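> Sending over a structure as structure tokens; questions will come in a sec.
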Amino acid sequence: VTIMIRIAVVDDEMNILQYIFDKIDNIVHDLSYSATIKSFSDSKEFLEENSKEYFDIIFLDLEMPEPDGMQTAALIRSEHINAIIVVITNRDDLVYDAFQYDVSAFIRKKHFEDEIVDVIKRVYNKAQSKYTKYILKTENNEKVFYPNDIMYIESENHNVYLYDSNKSKIKVFYTLEKIMAIISDKYFIRCHSGYIVNFNYVFSVNKDNILLTNGTSLPLSRGRKKEVKQGFQKFMRELR
């Protein structure tokens, strides 16, 4: 199901705001994405509207009058854990400070033209994935999982465990084969006879292991290496 994704662009400089808005609007149109885009030159006005109906993706300038980009990111995150924040800045020194707000992408204004298309493809797919859901039988009851909730799935001593984005270990009543038939191969791949991994959490695919963004290492079997590498590259290019 394709959901209409809500995108906001927040920048206090009107000419830059218009430029970014037009660029995103054209790319979204060219890619035939389902999205609405709204621009805000005032972060207070944006925050007011965002508290009524959340935006899925927010392109945020860091250097603005109060509340500035950092304060705005903190307020977005406190209200809306799943919001996808893309920071646009000329200040490389601010990039690391913004990490604490779980920013999905950084675009430097001077490289905007080169980076914007790839970033839009990545964050749009991430936003759409929030609306895909799986209902799985767990130890306690049936539970709804979104693709981004699941970091990886492991088979251990004839039991299957799902590790969520908070690193919680949840027992589910399926074989790995059954789970692969339920969940989407757009996000997940079998990387080993005992493991399924979510591409959203892969940091790198190495010789005999996969490193996740939280530092966890999963085994990668030799026979699956080529398929995993190709799948990850395809995922990164966001080909449908």
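> If I model a spin label at residue 45 and residue 159 as a point 7 Å from the Cα along the Cα→Cβ vector, what separation in nanometres do I get?
With each label point 7 Å from Cα toward Cβ, the separation is 5.5 nm.
> May I ask you to compute the full-extension gain from residue 18 to residue 134, defined as 0.36 nm times their residue separation minus their alpha-carbon distance, rounded to one decimal in nm?
My answer for the length gained is 37.9 nm.
> With a/c under 1.5 counting as rounded, go ahead and sort segment 127-215 into rounded, prolate or oblate using the C-alpha gyration tensor (a ≥ b ≥ c being the square roots of the eigenvalues; past the cut-off, prolate if a/b is larger than b/c, else oblate).
The shape class here is oblate.
> While we're here: What's the ranking of 24-35, 50-61 by average number of surrounding C-beta atoms within 10 Å, highest first?
50-61, 24-35
> Please tell me which of these pairs span more than 24 angstrom C-alpha to C-alpha: 126/167; 133/169; 38/143; 23/186; 133/167?
38/143; 23/186
> Can I ask one more? To the nearest 10 square angstrom, how much accessible area does residue 92 have with a 1.4 angstrom probe?
80 Å²
> In addition: Please compute the per residue accessible area over the chain with all protein chains in place, 1.4 Å probe, rounded to a whole number of Å².
Dividing the accessible area of the chain by its residue count gives 53 Å².
> Here is a further query. Taking θ as phi - 60°, what are the ³J(HN,Hα) couplings along segment 146-153 by the Karplus curve (6.51, -1.76, 1.60), each to the nearest whole Hz, with x for Gly and Pro?
9, x, 6, 6, 9, 7, 7, 10
> Related question: Quote the charge dipole size of the chain about the Cα centre in Debye, to the nearest 20; the model charges only the Cβ of Lys and Arg (+1) and of Asp and Glu (-1).
In total the dipole reaches around 1700 debye.
> In debye, nearest 20: dipole of segment 184-226 around its Cα centre with unit charges on the Cβ of K, R (+) and D, E (-)?
I would put it at about 200 debye.
> Expressed as a whole percentage, what fraction of the accessible surface of the chain belongs to carbon and sulfur atoms when a 1.4 Å probe is rolled over the protein heavy atoms?
The nonpolar share, carbon plus sulfur, comes to 48 percent.
> Choose one of 76, 148, 20: the residue whose Cα lies farthest towards the positive end of the charge dipole of the chain (beta-carbon charges +1 Lys, Arg; -1 Asp, Glu; about the Cα centre).
148
> Put +1 on the Cβ of each Lys and Arg and -1 on the Cβ of each Asp and Glu in segment 159-200; which of 196, 181, 162 then has its Cα farthest toward the positive end of the dipole?
Most positive-ward Cα: 162.
> Mean residue ellipticity at 222 nm from the helices of the chain, using -39,500 (n - 2.57) per DSSP H segment of n ≥ 4 over the full residue count, to the nearest 500 deg cm²/dmol?
-10500 deg cm²/dmol
> Now for a separate question. Would you mind telling me the antiparallel percentage of the DSSP bridges in the chain, rounded to 5?
60 percent
> Right, another one. Using 0.36 nm times the number of residues separating residue 167 and residue 118, minus their current alpha carbon distance, what extension gain do you get?
14.8 nm
The values are calculated or read from the model by the stated rules, or taken from the named source; none is laboratory data. The model shown is predicted, which means the values in this text are computed figures rather than measured ones. Every residue, glycine as well, gets a Cβ built from its backbone with ideal geometry; the counts of neighbours run over all protein chains shown. The protein model used for the area step is the full one, side chains on, heavy atoms only, and it has no ligands, DNA or RNA in it. Shrake-Rupley method; radii C 1.70, N 1.55, O 1.52, S 1.80 Å.
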